[in-house]
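The values are calculated or read from the model by the stated rules, or taken from the named source; none is laboratory data. Just so it is clear, the model here is predicted, and its values are computed rather than measured. For neighbour counting, all protein chains shown are included, and Cβ atoms are generated from backbone atoms with ideal geometry for every residue, glycine included. For accessibility, only protein heavy atoms count, side chains too; no ligands or nucleic acids. Shrake-Rupley method; radii C 1.70, N 1.55, O 1.52, S 1.80 Å.
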Amino acid sequence: MKRVDDFRLRFGKQELVPIVIGGMGVDISTADLALEAARLGGIGHISDAMVQTVSDARFDTKFVSQKLKKYKANVASSDKSSVQFCLPTLEEATRNHVGKTMEAKRGDGMIFINCMEKLTMGAPRETLRMRLKAALDAGIDGITLSAGLHLGSFALIEDHPRFRDAKLGIIVSSPRALAMFLRKNARLNRLPDFIIVEGPLAGGHLGFGMDWAKYDLATIMGEVLTFLKNEHLDIPVIAAGGIFTGSDAAAFLEHGAAAVQVATRFTVTKECGLPDKVKQDYFVANEEDIEVNTISPTGYPMRMLKGSPGIGSGIRPNCEAYGYLLDANGRCAYIDAYNREVELHPGAKKVKVMDKTCLCTHMRNFDIWTCGHYTYRLKDTTLRQSDGSYQILSAEHVFHDYQFSTDQKIALPG
Ligand SMILES: Cc1cc2nc3c(=O)[nH]c(=O)nc-3n(C[C@H](O)[C@H](O)[C@H](O)COP(=O)(O)O)c2cc1C
């Protein structure tokens, strides 16, 4: 029986261990986690979600408070159209985050950045162009375009000197989305270097509707591989979503995947950015504690623990400080939901908003606990300690378990 280590992901002459740790915003996939993946010969992701907040936390910059100060007069207003990101600040924050991570890189692996199109930031094109440009300038090995169709994203950086040498790829959940992406970008004469196919059991936002349970990763992988073969395209395809053991991963590699992208198993490692208390919540979760709901203002379903403190919280929108989900007109579905509740409950000190959540604030505070479908199996990947808590793992331990295990076995920590 084959194991993951029998395979290699090839980019030209470069060979990598075919394990990619997926991007997890906001700073759940930290630089430390990505650096471990690269050191061990695979690919790690940082994320540029709420990058100004991340820069403040990592480098003691003051970008969030400066933005809040600039727009303070607008805090009580429901019209957020005047709130804009300062592009040079966004550039500096991205360069800090990417540049310092790349300086620390050791080993033969790579570090990519996860860029979500749904972070429309009040000016979708201008901010995305700056995010992509600054990441390339700061030396990122590759960019993974996610949470959106990204039909125009390659064009935003077509003049960048690294446009053809950095590894650029996209996450899709259907051959249809891939076909659209390829068609829209045909004139650039630049194919993606990799395609990540994410199935419905993944964490974070899902590229499916609420009928996600009707789909499965193996079938979509087969459809994408057939599509590429018919088009005579040779692009590495990476399978993601619900790959929990080394044997699960090896099975995808045997069926034509070039690598696997995994995330949930790394949420309980010491390098992961979630607070330790939340890691314990992930360990104790049972299957019935996990749901896919529609409270994300992005419009995509999202999987999370039902006990996430951010669910139902009716806090005032914090767009002056954050504002990452504001569209080109300064709108966000949470603002509308919040205003509706305030109008329905005049004079109330606090309102509850059940249908949407202020995702920026709650992801920033680690109060929305997004997770993969198999989070309820995490307790089987470690040891229970005498105080009842679960032992936090090292990223190296989990990475090696994926790389070397067979027979559906999961190695427990030593
Ligand atoms: C806590 C968490 C946060 C995530 N956040 C993001 C994100 O910000 N952007 C993204 O493209 N994918 C995100 N994902 C999806 C992962 O990158 C990955 O593709 C997927 O979870 C793999 O499936 P697995 O978790 O079952 O291994 C997230 C996953 C988790 C578990």
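Cut-off under 12 Å on the C-alpha distance; same-chain residues fewer than 8 positions from residue 349 excluded. Which aspartates and glutamates are left, in chain and number order?
Correct list for residue 349: 341.
Let me know the Rg and Dmax you get for the range 49-197 when you use only its Cα atoms, in Å.
16.5, 50
Which one, 189, 171, 202, projects farthest toward the positive side of the charge dipole computed for the range 165-204 from Cβ point charges (K/R +1, D/E -1)?
So the residue we want is 189.
Would you check the accessible area of residue 159, probe 1.4 Å, heavy atoms only, in square angstrom rounded to 10?
Accessible surface of residue 159 is approximately 140 Å².
Which whole-number percentage describes the relative contact order of the chain, with Cα contacts under 8 Å and a sequence gap of 6 or more?
For the chain, the relative contact order is 20 percent.
If you take the Cα atoms of the range 134-175, find Rg, then find the Kirkwood Rh from the mean of 1/r over all pairs, what is Rg/Rh? Please report the intermediate quantities before stating the final value.
Numbers: Rg = 10.8 Å, Rh = 11.1 Å.
Taking Rg over the Kirkwood Rh, I get 0.97.
Ratio of Rg to Rh for the range 255-335, alpha carbon only, Kirkwood?
1.04
Alpha carbon centre of the range 209-230 versus the range 305-341: separation in Å?
The two parts, judged by their Cα centres, are 32 Å apart.
Dividing the convex hull volume of the Cα atoms of the range 63-118 by its residue count, what figure in Å³ per residue is obtained? Numbers along the way, then the final one.
Numbers: hull volume 5.9 nm³, N = 56.
Dividing the Cα hull volume of the range 63-118 by its residue count gives 106 Å³.
Using alpha-carbon pairs under 8 Å, 6+ residues apart, how would you state the relative contact order of the range 190-239 in percent? Present the calculation step by step, with values, prior to reporting the outcome.
Numbers: 41 pairs, mean separation 27.3, N = 50.
After rounding, I find 55 percent.
State the percentage of accessible surface on the range 342-414 attributable to carbon and sulfur atoms; use a 1.4 Å probe and exclude ligands, DNA and RNA.
52
Taking Cα pairs under 8 Å and at least six residues apart, what relative contact order does the range 20-167 come out at, in percent?
Over the range 20-167, the number comes to 25 percent.
Pairwise over distinct Cα atoms, reciprocal of the mean inverse distance: report the Kirkwood radius of the chain in Å, one decimal place.
21.7
In whole Hz, with x marking every Gly and Pro, tabulate ³J(HN,Hα) for the range 374-379 from phi via Karplus 6.51 cos²θ - 1.76 cosθ + 1.60, θ = phi - 60°.
Coupling constants for the range 374-379: 8, 3, 5, 9, 4, 4 Hz.
Convex hull over the alpha-carbon atoms of the range 367-414: what's its volume per residue in Å³?
It comes to 111 Å³ per residue, whole-number rounded.
Across bins of 5 angstrom width beginning at 0, how are the C-alpha pair distances of the range 154-284 distributed, in whole percent?
Final binned percentages: 2, 9, 18, 18, 17, 15, 11, 6, 3, 1, 0.
Which one, 264, 249, 23, projects farthest toward the positive side of the charge dipole computed for the chain from Cβ point charges (K/R +1, D/E -1)?
Of the options given, the answer is 23.
For a quick size check, give me the Cα extents of the range 233-277 along its three principal axes, largest first, whole Å.
If we take the Cα atoms of the range 233-277, the spans are 44, 22, 13 Å.
What pairs in 105/379; 277/306; 67/118; 72/356 have C-alpha atoms more than 19 Å from each other?
105/379; 67/118; 72/356
Report in % the part of the accessible area of the range 99-200 that belongs to carbon and sulfur, leaving out ligands and nucleic acids; probe 1.4 Å.
Within the range 99-200, the accessible surface is 50 percent carbon and sulfur.
With a 1.4 Å probe and all protein chains left in place, how much accessible area per residue does the range 275-414 have, in Å²?
46
Near residue 177, within a Cβ-to-Cβ distance under 15 Å, what is the net charge of the other residues, with Lys and Arg +1 and Asp and Glu -1?
Residues near residue 177 contribute 0 overall.
Quick one: of the DSSP bridges fully inside the chain, what percent are antiparallel, nearest 5?
Expressed as a percentage, antiparallel bridges in the chain total about 30.
Given the alpha-carbon gyration tensor of the range 108-166, what are the semi-axes of its equivalent ellipsoid in whole angstrom, ordered largest first, with each equal to the square root of 5 times an eigenvalue?
Semi-axis lengths for the range 108-166 are 19, 13, 10 Å.
Express the C-alpha Rg of the range 217-366 as a ratio against the empirical globular expectation 2.2 N^0.38 Å, rounded to two decimals.
1.35
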